[in-house]
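This report concerns only the one structure given below.
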Amino acid sequence: MKPQKNSLSHKIASNILTIIQSTTPIGEFYKNVTYLSHKNDPNSLDFTLGDSHEMPLPGFVEAIQKHTIPRELGWYGYKESLPKTREVVTQALKKHRNISILPDDILMTNGTVVGLAMCLKLLVEEGEEVIINLPPWLGYRKMVQSVGAQTIGIPVKPKTFDLDLEKIANSITPKTRVILINTPHNPTGKIFSENTLIQLSNILTEASYKYGKPIYLISDETFSRIVFDNKNCPTPTQFYPYSFLVYGYSKTWMAPGQRIGYIALPETMPERQEIKRLMGYLQTLGFGWCFPSALMQYALEDLEKLDLKVDKLQAKRDLMVRELQNMGYEVNIPEGTFFLLVKTPLKDDCAFAELLAQKYQLFVFPGTPQEIPGYIRLSLTANDDMISQALPKFKAAMDEVR
Ligand SMILES: Cc1ncc(COP(=O)(O)O)c(C=O)c1O
């Protein structure tokens, strides 16, 4: 669309217009009429996105309330990453992930996306390439495009959903600047193993030598605290020095509007002093005074004590997997995240999702817009009541198309 003179779009800078107007499969999904017309209907059974359908975790509100009362002058002033908050993060990383990151190497952000955007902005120049794994989280392609770079999409392996290391190695070119990975992986729920991540590190080290410049690894670990069966989620930042661990608490607390997260650098990162200095400028001048929330930084110590109820989520996963399998669905059992991938009985996943929506007011995310055709994704953030209402409908839909 060509911007009309005097229209708002005429005033918007062309780089952002290009991003808004370039259609993506996800963008197409959001134009879906059935979804749009039922999105805000309280009776619709919405398993589409990761929105919580329950009240906040017990203690969440109290933890925030407690810190709203100023304890000193400047309580609500601009705050960079607070030493106390960084210390809390260091301890949480030790406790939950068994990794050591120095408080000084943690930069607080307003959530995962801000951390990812800052890393991309810092590292990537126009015309360079960023490798992502397919299916990608819906924001990646646009974020890479917004720094003028090109995404190189490498599908995960079809059956195991593991990283395809051979294809990743073959896709590295002199233009490659970053590989962005996501573990546990939305939407497959795959946790990449230590062995896979060590091999990935070897590939990146070799390619960095070959091309005479570091290839950086950005690791989106937003689901790293939602792992099932007491599994461990290894971070690639323990194996590869030129790496960034990016995290946000949105998923952990299921309260994504109350934003806080961080970027953590491993002690082995050779450029970490320079990176921290530049990130400081980026956060303020480059990202419009994007200081991390003062209130959420104060509250973090108390929020870290909340019970995340992963057991409850795991029970929902087990129930849904068992019931859907009994109905004849082929269900992928996720190791982490709160998503279930289900093979559609119709070849056309969009047609099946539309059938569920139109006939049963049951909303799911079709795989095609997420670049994983033949599947639908269901979010386990639906509440128990929604799940028990939805199960007979999934059965009826299966019986109808079988
Ligand atoms: C893989 C992945 N990364 C990042 C985000 C965004 O996280 P945040 O709300 O912390 O910015 C999401 C949200 O759905 C996600 O699934």
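The values are calculated or read from the model by the stated rules, or taken from the named source; none is laboratory data. Bear in mind the structure is a predicted one, so any value in this text is a computation, not a measurement. Counting neighbours? That spans all protein chains shown, and the Cβs are built from the backbone with ideal geometry, glycine included. The protein model used for the area step is the full one, side chains on, heavy atoms only, and it has no ligands, DNA or RNA in it. Shrake-Rupley method; radii C 1.70, N 1.55, O 1.52, S 1.80 Å.
This table checks each residue for (1) over 18 Å from residue 227 (Cβ atoms); (2) in a loop (DSSP other than H, G, I, E, B); (3) open to solvent by less than 10 Å² (accessible area, probe 1.4 Å); (4) not charged (D, E, K, R).
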site: 296; (1), (2), (3), (4): yes, no, yes, yes
site: 351; (1), (2), (3), (4): yes, no, no, yes
site: 354; (1), (2), (3), (4): yes, no, no, no
site: 373; (1), (2), (3), (4): yes, yes, no, yes
site: 381; (1), (2), (3), (4): no, yes, yes, yes
site: 386; (1), (2), (3), (4): yes, no, no, yes
site: 396; (1), (2), (3), (4): yes, no, no, yes
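Against the definition (within 23 Å of residue 42 (Cβ to Cβ) and open to solvent by 10 Å² or more (accessible area, probe 1.4 Å)), how does residue 400 come out, yes or no? Please lay out each step first, then the result.
Values: within 23 Å of residue 42 (Cβ to Cβ): no; open to solvent by 10 Å² or more (accessible area, probe 1.4 Å): yes.
When the stated conditions are applied, residue 400 does not pass them.
Would you point out which residue out of 90, 85, 173 is of a type in the set (S, T, N, Q), surrounded by fewer than 16 Cβ atoms within 10 Å (Cβ to Cβ) and more than 15 Å from the ligand (Cβ to nearest atom)? Don't jump to the end; show me each part of the working.
Numbers: 90 fails: surrounded by fewer than 16 Cβ atoms within 10 Å (Cβ to Cβ); 85 fails: surrounded by fewer than 16 Cβ atoms within 10 Å (Cβ to Cβ).
After ruling out the rest, the residue left standing is 173.
For every residue, the table says whether it meets (1) within 26 Å of residue 67 (Cα to Cα); (2) within 16 Å of the ligand (Cβ to nearest atom); (3) touching a helix residue (DSSP H, G or I) at 6+ places or on another chain (Cβ under 9 Å); (4) assigned to a loop (DSSP other than H, G, I, E, B).
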site: 258; (1), (2), (3), (4): yes, yes, yes, yes
site: 262; (1), (2), (3), (4): yes, yes, yes, no
site: 269; (1), (2), (3), (4): no, no, yes, yes
site: 280; (1), (2), (3), (4): yes, no, no, no
Report task. Kindly provide the set of residues from region 235-256 that are within 16 Å of the ligand (Cβ to nearest atom), of a type in the set (Ser, Thr, Tyr) and in a loop (DSSP other than H, G, I, E, B), ordered by number. Result -> 235, 249
Report task. Considering every residue within region 177-196, establish whether at least one is over 19 Å from residue 262 (Cα atoms), open to solvent by 10 Å² or more (accessible area, probe 1.4 Å), within 16 Å of the ligand (Cβ to nearest atom) and hydroxyl-bearing (Ser, Thr, Tyr). Result -> no
Requested in this report: Could you check, for region 132-148, whether at least one of its residues is modelled with pLDDT of 95 or more, closer than 21 Å to residue 336 by Cα and away from the ligand (no atom under 15 Å from the Cβ)?
Outcome: no
Query - Whichever residue in region 305-349 is of a type in the set (Asp, Glu) and surrounded by 18 or more Cβ atoms within 10 Å (Cβ to Cβ) and, among such residues, is nearest to the ligand (Cβ to nearest atom) - result: 335
Query raised in the report: Does residue 210 satisfy being part of a helix (DSSP H, G or I), closer than 28 Å to residue 58 by Cβ and not hydroxyl-bearing (Ser, Thr, Tyr)?
Result: no
